[in-house]
Amino acid sequence: MTAVISKTCKLDGRWVIVHVAPDGSETIVMPEPTRDMTDEEVLAAALSDPDAQPLTDELAAKLQPVARVKTLRRALGLTQEEFAVRHCIPLGALRDWEQGRARPDQPNRAYLKVIAHDPEGVARALAPQRA
């Protein structure tokens, strides 16, 4: 029995399967057209995947939110030390916020929101006055 090699390639913008015989001849096999899955089929497929199970209340309670301050700091391209010094935030507090050991209180959340909205304005406002 001789082996047939299969490969995929694009033909007229569509993916097709090409069987290559030992003599070099090629046969194009058009795949069957697909159809949209119903909502029930999508749910059944998702539930059949052990790695994609619905989030239970018990598991949701264990999840830790991503620290927005870390995302903000990284978006500004600053180290923890640079962010803390630039915005007059104690470095220990910043580290605690980022590592989930503590959460910023309401005034600090408002301050972080202002930093996110206008980081240059905050930097200007906090810059030492020059004579």
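Worth a mention:
- Among residues other than Ala84 with Cβ under 10 Å from its Cβ, the summed charge is +1 (Lys and Arg +1, Asp and Glu -1).
- Using the Cβ-Cβ distance between Thr71 and Arg14 with R0 set to 35 Å, the FRET efficiency from 1/(1 + (r/R0)^6) comes to roughly 0.30.
- Tensor-based shape of the chain (alpha-carbon gyration tensor, a/c under 1.5 rounded, otherwise prolate or oblate): prolate
- Largest-first ordering by accessible area, 1.4 Å probe, given options His87, His19: His19, His87
- Cα gyration tensor category, rounded, prolate or oblate, for the range 27-91 with a/c compared to 1.5: oblate
- Heavy-atom accessible area, probed at 1.4 angstrom with all protein chains present, ranks Leu59, Leu72 as Leu59, Leu72, highest first.
The values are calculated or read from the model by the stated rules, or taken from the named source; none is laboratory data. A quick note: this is a predicted structure, and the numbers were derived from the prediction, not measured. So basically every Cβ, Gly included, is an ideal-geometry build from the backbone, and we count neighbours across all protein chains shown. Only protein heavy atoms, including side chains, enter the accessible area calculation; ligands, DNA and RNA are left aside. Shrake-Rupley method; radii C 1.70, N 1.55, O 1.52, S 1.80 Å.
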